[in-house]
């Protein structure tokens with residue numbers, strides 16, 4: 001994966017299912033953060049965007065994946 005678009009596409013296919021364990025979700029977000037960080041070095045046109053994705057995956061999503069609250073995503077039809 002050398003471009004941000006390629007990374008987003010590949011990671012969307014690798015994302016764990018909704019019933020994945022917290023450890024699986026956390027591992028995925030940590031991995032995704034690393035992918036985006038490497039992409040930031042190769043896709044210079046999207047460097048800052050990829051760095052932002054890397055930060056969000058590792059610093060926000062990965063820690064939250066461990067909590068039970070991360071599993072509770074409201075159904076848009078219930079709103």
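Give me the one-decimal nm value for the distance between modelled label points at residue 41 and residue 5, 7 Å along each residue's Cα-to-Cβ direction. Taking the simple label geometry, residue 41 and residue 5 are separated by 2.4 nm.
Please give the per residue volume of the convex hull enclosing the alpha carbon atoms of the range 4-67, rounded to a whole number of Å³.
Numbers: hull volume 3.9 nm³, N = 64.
It is 61 Å³ per residue.
With an 8 Å cut-off on Cα pairs and a minimum separation of 6 or more residues, tell me the relative contact order of the range 21-72 in percent. This gives 48 percent for the range 21-72.
Values in this text are rule-based calculations from the coordinates and carry no lab data. Because the structure is a prediction, the values reported are computed rather than measured. Cβ coordinates were reconstructed from backbone atoms using ideal geometry, including for glycine residues, and neighbour counts include every protein chain displayed.
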